[in-house]
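Okay, structure first, notes after.
The values are calculated or read from the model by the stated rules, or taken from the named source; none is laboratory data. From a predicted model like this one, the values you see are computed outputs, not experimental measurements. Here the Cβ is made from the backbone with ideal geometry for all residues, glycine too, and neighbour counts use every protein chain on show. Heavy atoms of the whole protein, side chains included, go into the accessibility calculation; ligands, DNA and RNA do not. Shrake-Rupley method; radii C 1.70, N 1.55, O 1.52, S 1.80 Å.
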Amino acid sequence: MNKQLVLSVTLILALPVRAQTIPGYSPQSAATERSTEADVISRPSPASASAHSRFLSFQPHMAGTPAQMRTRDYVVSQMKSWGLETEVRSYSVWMPHPLSTRVWRIAPNPVELSLEEGPIPEDTTSIAFPQVMPFNGYGAAGDVRGEIVYVNYGLIEDYAQLDSMGVSVKGNIAVARYGRSYRGIKAREAEKHGAVGLLIYSDPADDGYVRGDVYPGGPMRPSHGIQRGSVMNPNGDPSTPGYPSTAGAKRVPLSAMEVPHIPVLPISYGNAAELLRGLAGKSIPQLWQGGMAFRYHVGPGPVQARMAVTTDATTHPYKEIWDTFGTIRGSVYPDEIVMIGGHRDAWGPGAADNVSGTVSVLEAARAIAEQVKVGKRPKRTIVFATWDAEEWGLLGSTEYVEDDSLRLRRSAVAYLNQDDVAQGPNFSGGGSPSLRALLRDVAKQVPDPSREGSVYDVWKKRANLAADSLEPQMGDPGGGSDFAGFYNHLGIPIADWGFGGPQGVYHSAYDSYHWMSKFGDPNFEYHVAAGRIGAVTLLRIANADILPYDYVEYARTMRRFASQIDRSVADKKWRVSSAGLTDAIGRMEDAAVAYATARDRALTAQLQPATAKQINTTLLEVERQLTRPQGLVTRPWFRNLIYAADENNGYSTMVLPSVNEAIRLGDEATVGKELTQLAQRFDAATRALQMATELLRRS
Ligand SMILES: [Zn+2]
């Protein structure tokens, strides 16, 4: 036991004892649960987290490479050694790797730009291993040339601005800066507007020297640092849209895949300066000026560039990927599953993204497995997963969810996601509104590494709220990580959390153990805190007599979204009305309040496991009812009608997407139809709550 651990144990004991009731628990169960949770919090350790991190970030481990076999074997052997049942599922996915990526300025003063991130003496990983070739996953092969056009962030509105300036990217190479949207949207828009190629660079104003000292002197991106990343928009293997990439699965041809058909490459700001400095043409809108020390112009030209990408798309585009699972069988409800997962692949050594999330999952697994060894087995089954090929477009988790959808829909109680969870001190959490109260309460149990109270205390203090009764804001499930299959496709409640900080080495060769131990989480205590929150959240759900969803907070959150729709419809002076939806949400809130009262009353008496089982099965239906089999009009894979990734952004969230997408399209008739359907879905969810209430009253 090292000094840090002793300190944090003292802090745990020093945290005030909170009220003894826990939603979903009888008084006796709650007392047992409190002591189980205090015990599980004491088990994760910085020494152990640091050792996992060092092993897993030892070398770059991109999906589809032998290095990924090594991380797979490590995770499986660790879990096995702790007594978990383990399983590996492999999928064969269409995932072309680059063979060569090159960029030249061909006029004026021809020069080939170096795409090397290069070794940094104190960062031994950057010396010992070659970097993953800078490229954007699913960008097309090709050899193109053209005049340069600077397109700012490359968003829909940026192209509208260019149009108004009379500038086109048609036949040219677009240069966009990273940020403000998922990079796949930038690729889609560049291609749509006729660019022959796209270069995406990290502007120093966004994550370089404008923000702080650059690596290795500080955490931010150096002038030769490069952000890799996928540019595919849909989730999962593009050769098997909507179904799993199992042996013998039918594959769609490249022409039918939703992937870019132009070459796309990431470059550093050192490279971007070579292309942007000499641009002429119109003066830019002031907001388009980035952080480099010259005035930006849009072009086109006179600077011209050439980019050449070759891949193995025509020789061997299919690669094996591996998801791993470690299972602890539940003692009372073995067929109900609580799952936690994090992706195991990376674009480099990936110490933050996502060795940190993998370590959090491992430490939670070790903590709970140790309890099982001393006779404390959770009531529900807990599964600890690691996903492959998340970085390419959530491939591992999506193929798994599509593969196991029947079982998951029937028995998955919650999915917890861990992605990029320990690279600074700033806590954030989010997910389905039904799990937010639970996550807040868990954050109250776990000590903050700053030694200034619980994670919740520090989180709330930093949120600087207008009134003490307010809660820190929590994130809605948008896009961009492995919860999507569970939440958007199947309607399973999800939660995620993490500790944020500087993002200067995101998807770079410098996201290394050295960066992590110098800047991100030097003592590995934020890794430990994330793992503790994971362990407690898993147990809190797994051991509950009645599943601890909060549908009062859920319905109240929905009420806000309905009033936003109300305003949008009024602004457009449409005749359709959102009153039916508002009423349906009101009925859900009433039913949720009645349900919570009945639950708390029933839990003070003795509830038979068979009755509890019936109630829990009914509760699973609440959020499942808010999905529809045919999905969104724009994207059938997205079946959840509460939140979806914004189609025009990728990272941000669209709430009540079936209605709000129709509003954005200005389609009043569809808005009316979708409002009616959504109100019906809310009524179906309400019926599930009412049925659960009935069962409780009869118990
Ligand atoms: Zn990640």
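Assorted remarks:
- So Ile127, is it β-branched (Val, Ile, Thr) and without any contact (Cβ under 8 Å) to a residue 24 or more places away in the chain: yes
- Count - residues of region 105-155 that are assigned to a loop (DSSP other than H, G, I, E, B) and small (Gly, Ala, Ser): 6
Here's the yes/no breakdown for (1) in contact with a helix residue (DSSP H, G or I) (Cβ under 9 Å, 6 or more places away or on another chain); (2) under 19 Å from Phe524 (Cα atoms); (3) without any contact (Cβ under 8 Å) to a residue 60 or more places away in the chain:
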residue	(1), (2), (3)
Val40	yes, yes, no
Arg43	yes, yes, no
Ser48	yes, yes, no
Val93	yes, no, no
Pro98	no, no, no
Ile106	no, no, no
Leu115	yes, no, no
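- In region 387-410, the residues that are farther than 22 Å from Val231 by Cβ and of a type in the set (Asp, Glu) never reach a residue that is open to solvent by 20 Å² or more (accessible area, probe 1.4 Å) and in a helix (DSSP H, G or I) with C-beta atoms less than 6 angstrom apart, at least six apart or across chains.
- Failed criterion for Asn616 (all others in (1) part of a helix (DSSP H, G or I); (2) open to solvent by 20 Å² or more (accessible area, probe 1.4 Å); (3) in contact with a strand residue (DSSP E or B) (Cβ under 9 Å, 6 or more places away or on another chain) hold): (2)
- Residue check, Val401 β-branched (Val, Ile, Thr), more than 12 Å from the ligand (Cβ to nearest atom) and within 18 Å of the chain's Cα centre (by Cα): yes
- The number of residues in region 141-161 being among the charged types (D, E, K, R), under 33 Å from the mean Cα position of the chain (by Cα) and open to solvent by 20 Å² or more (accessible area, probe 1.4 Å) comes to 1.
- Qualifying residue in region 632-646 (condition: in a helix (DSSP H, G or I), aliphatic (A, V, I, L, M) and touching a residue at least 24 places away in the same chain (Cβ under 8 Å)): no
- Some residue of region 520-540 being over 30 Å from Ala684 (Cβ atoms), among the polar types (S, T, N, Q) and modelled with pLDDT of 95 or more: yes
- Selected residue (only one of Pro493, Pro447, Pro477 is open to solvent by less than 10 Å² (accessible area, probe 1.4 Å), away from the ligand (no atom under 16 Å from the Cβ), farther than 20 Å from Phe524 by Cβ and touching a helix residue (DSSP H, G or I) at 6+ places or on another chain (Cβ under 9 Å)): Pro493
- Restricting Ser164, Ser100, Ser114, Ser90 to residues that are open to solvent by 20 Å² or more (accessible area, probe 1.4 Å) and either under 30 Å from Asp404 (Cβ atoms) or touching an Asp or Glu at 6+ places or on another chain (Cβ under 9 Å) (or both) narrows the list to Ser90.
- Within the set Arg587, Arg601, Arg567, Arg635, the sole residue that is charged (D, E, K, R) and either closer than 30 Å to Asn235 by Cα or crowded, with 20+ Cβ neighbours inside 10 Å (or both) turns out to be Arg635.
- Failed condition for Ala555, given (1) buried (at least 19 other Cβ atoms within 10 Å of the Cβ); (2) more than 25 Å from Leu665 (Cβ to Cβ); (3) touching a residue at least 60 places away in the same chain (Cβ under 8 Å): (3)
- Within region 344-377, the set of residues being away from the ligand (no atom under 12 Å from the Cβ) and charged (D, E, K, R) comprises Glu363, Arg366, Glu370, Lys373, Lys376, Arg377.
- Residue identified as open to solvent by 70 Å² or more (accessible area, probe 1.4 Å), at pLDDT below 95, polar (S, T, N, Q) and out of contact with any Asp or Glu (no Cβ under 6 Å at 6 or more places or on another chain) among Gln630, Gln606: Gln606
- Considering residues of region 211-253 that are open to solvent by 50 Å² or more (accessible area, probe 1.4 Å) and without any contact (Cβ under 8 Å) to a residue 60 or more places away in the chain only, the residue nearest to Pro263 (Cα to Cα): Pro253
- Those helices (runs of 4 or more DSSP H) lying entirely in region 332-436 with at least 2 residues surrounded by fewer than 24 Cβ atoms within 10 Å (Cβ to Cβ): 357-373, 405-411
- Hey, Ala612 of a type in the set (Gly, Ala, Ser) and under 31 Å from the mean Cα position of the chain (by Cα) or not: no
- Filter result (closer than 24 Å to Ile492 by Cα and either loosely packed, with under 15 Cβ neighbours inside 10 Å or in contact (Cβ under 8 Å) with a residue 60 or more places away in the chain (or both)) within region 570-584: Leu581, Ala584
- Qualifying residue in region 422-431 (condition: closer than 30 Å to Trp94 by Cα, within 16 Å of the ligand (Cβ to nearest atom) and of a type in the set (Gly, Ala, Ser)): no
- You will find that of Val528, Val552, the residue that is under 30 Å from Asp600 (Cβ atoms) and in a helix (DSSP H, G or I) is Val552 and no other.
- Ser57 being closer than 30 Å to Asp441 by Cα, open to solvent by less than 40 Å² (accessible area, probe 1.4 Å), in contact with a Ser or Thr (Cβ under 8 Å, 6 or more places away or on another chain) and not hydrophobic (A, V, I, L, M, F, W, C): no
Every residue, every condition in (1) at pLDDT below 95; (2) farther than 17 Å from Leu656 by Cβ, yes or no:
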position: Gly580; (1), (2): no, no
position: Glu589; (1), (2): no, no
position: Tyr595; (1), (2): no, yes
position: Thr611; (1), (2): yes, yes
position: Thr617; (1), (2): no, yes
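- Neighbours by Cβ (under 7 Å, 6+ apart or cross-chain): first from region 350-364, charged (D, E, K, R); second at pLDDT 95 or above and within 13 Å of the ligand (Cβ to nearest atom): Asp353/Ala346; Asp353/Asp420; Asp353/Tyr506; Asp353/His507; Asp353/Asp511
- If you filter region 310-327 down to residues that are more than 16 Å from the ligand (Cβ to nearest atom) and of a type in the set (A, V, I, L, M, F, W, C), you find that the one that is least open to solvent (accessible area, probe 1.4 Å) is Phe325.
- Taken over region 258-274, the criterion of being within 23 Å of the chain's Cα centre (by Cα), surrounded by 17 or more Cβ atoms within 10 Å (Cβ to Cβ) and assigned to a loop (DSSP other than H, G, I, E, B) is satisfied by Val259, Pro260.
Table: residues versus (1) open to solvent by 10 Å² or more (accessible area, probe 1.4 Å); (2) aliphatic (A, V, I, L, M); (3) on the phi < 0 side of the Ramachandran plot.
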| residue | (1), (2), (3) |
| --- | --- |
| Ala293 | yes, yes, yes |
| Gly299 | no, no, no |
| Ala305 | no, yes, yes |
| Arg329 | yes, no, yes |
